[in-house]
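> Quick one: the structure is below, questions incoming.
Nothing in this text is a laboratory measurement; each read-out follows from the coordinates by a stated rule. Remember, it's a predicted structure, so these values are computed and weren't measured experimentally. Virtual Cβ from ideal backbone geometry, glycine too; neighbours counted across all protein chains shown.
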Amino acid sequence: MDSRPAAGVASRSPAKLPTTCAITLDLNGAATKLDVAPWTTLLDALREYLDLTGTKKGCDHGQCGACTVLVDGKRINSCLTLAIMHDGAAVTTIEGLSKEGALHPVQQAFIDHDAFQCGYCTPGQICSAVGLMREGRAKTPDEIRELMSGNICRCGAYPNILAAIQQAMKVAEGSVKP
Amino acid sequence: MNSFSYTRATDVASAVHEIATDRAAVFIAGGTNLIDLMKENVARPDRLVDITRLPLNRIEELGDGGLRLGALVTNTDTAYNEHVERRYPLLSRAILAGASPQLRNMATDGGNLLQRTRCYYFYDTATPCNKREPGTGCSAIDGFNRMHAILGTSDQCIAVHPSDMCVALAALNAVVRVTGERGDRAIPFADFHRLPGETPSVDTNLGADEIITAIDLPAKGFADHYAYLKVRDRTSYAFALVSVAAALEMDGDTITEARLALGGVAHKPWRNTDAEAMLNGVNATKDHFEAVGEAIVRDAKGFGHNTFKIVLAKRAIVRALQYATRMEPKA
């Protein structure tokens, strides 16, 4: 990190560790209070303390994308960030995408195109695709592939994932009815 | 991950004071590398100082025609910034060649400079590593070293700096602005990162009480003749085996200024200004490019698994120059 040798190893000061800290998340549209330890990742906070197990823990190192959620509208790896850092932030998980019982167009497109096999990467793929569409940078199939490269699918459902995202983009443009 | 305490810094001065007075404290911003290192027990800070709410998140035009990137601007917001895309497309391309969209949405520009090597032995606390635990030895020199350095190595460490963004910043002669308890400093990019030498645990020349506040880009952006070529094991979302940032100024077919920076080959983005000068005033031909490539890898040293990088680097230099001069259409 910097020029200090092995930061934090040499002098373990007897710091008083707060066991938990109160934070509030705007979680899937609802103000949600919870107490977290400083070392609780956003992913663990969602899964272990808020019972939102739709967001998956794959590699836990930011290499697979299964933990992708939207924070203030942007897709991030929830495994590589601390919940305590997001006090006050808007967090959207796979559970928060449907509106009034209707699937989000990306969710519907994944079903229509059978864009999964085992389904473990799917919540991350879908949240990532929602973020991708908001960014508006991917137009061509190659650009979609490149900008979805942070989501690994071990079953190899990539062709159908691509087709699903293309359909969802057309729905968003209004050229195809959901 | 070890337990630790957490505080949130409200201004730069207090952030600096916090790490200057507690050597067990480290800054956290995007966290994409630090949290990973903490999960692996490579980093074990007693205290995290969250700097994400400091007012260092803007990109501003400078009076001299340059551009200032706040240290907390995300990699995504930098790569897609209108000024960066138009005037410094080399930087935009390099950033977008690294990591994934999710990581780029979190990772900050200052943090990109401070990310640590992805050497497998550095990450594996069961093995000796002079960078992680000085004096224990280097497991890579006689181990699996396919990803490792061929230039500027020492008998203590052959790790490479993993950044793409920094390769472009090196070619652009960026300046790193830092603030510490003793005041402000401006560090030329070439002097920011270090070679391993006898102290591979020290990655940079940033002081223990200093924080990066911004990265300044000089006015010259090389927007007309540039290329960022990244060679890796898969098409996307992988670290470079070799990468080349080429930035040229041309008058017709004549090169008037050439900058070349290499990634994936050394402990820091690699520049060789003597070799770059070989291109000044010459007509762009493949023969010239090969001579420059040869000059840059002349002192390169392989360690077995990574020896292929010597030829690869030379060829990547030639190809990047062909792209930058448009002798070859960009891939």
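> Can you give the translational diffusion coefficient of the stretch B:264-331 in µm²/s, computed by Stokes-Einstein from the Kirkwood radius over Cα pairs at 25 °C and 0.890 mPa s?
It diffuses with D of about 193 µm²/s by this estimate.
> If you look at just the Cα atoms of chain B, how large are its Rg and its Dmax in Å?
19.5, 61
> Could you please rank B:225, A:61, placing first whichever residue has the fewest other Cβ atoms within 10 Å of its Cβ?
A:61, B:225
> Take every residue in peptide A:143-154, count the Cβ atoms of other chains within 10 Å of its Cβ, and give the average of those counts.
Taking all residues of A:143-154 together, the mean is 3.
> Whole angstrom only: what separates the Cα centroid of the stretch A:107-140 from the Cα centroid of the stretch B:180-199?
Taking the Cα centre of each part, the stretch A:107-140 and the stretch B:180-199 sit 43 Å apart.
> Among B:241, B:90, rank each residue by its count of other Cβ atoms within 10 Å, from fewest to most, as a rough exposure measure.
The fewest-first ordering by Cβ neighbours comes to B:241, B:90.
> If you fit an axis through the alpha-carbon atoms of helix B:308-324 and take the longest principal axis of the Cα set of chain B, what angle between them do you get, 0 to 90°, nearest 10?
70
> Let me ask you something else. Say R0 is 60 Å: what FRET efficiency, to the nearest 0.05, do residue A:49 and residue B:287 get from their beta-carbon distance?
That pair, residue A:49 with residue B:287, gives E of 0.40.
> Next up: How large, in Å, is the stretch B:102-155 by the Kirkwood hydrodynamic radius built from its alpha-carbon pairs?
By the Kirkwood definition, the hydrodynamic radius is 12.8 Å.
> Give me a single rounded figure for B:236-243: the average over its residues of other chain Cβ atoms within 10 Å of their Cβ.
2
> In debye, nearest 20: dipole of chain B around its Cα centre with unit charges on the Cβ of K, R (+) and D, E (-)?
Rounded to the nearest 20 debye, it is 820 debye.
> Moving on to the next point. Can you put B:121, B:80 in order, fewest other beta carbons within 10 Å first?
Least to most surrounded, the residues fall as B:80, B:121.
> Enter the mean number of other protein chain beta carbons within 10 Å of the beta carbon of each residue in A:63-76, as an integer.
Averaged over the peptide's residues, the number is 3.
> Using a 10 Å Cβ count of at most 14 others and DSSP loop calls, identify the longest part of chain A lacking such trypsin sites (Lys or Arg not before Pro).
A:17-138
> Could you tell me the distance between the Cα centroids of the stretch B:215-278 and the stretch B:25-67, to the nearest Å?
Measuring centre to centre over Cα atoms gives 26 Å.
> For chain A, what's the relative contact order in percent, using C-alpha pairs closer than 8 Å and at least 6 residues apart?
20
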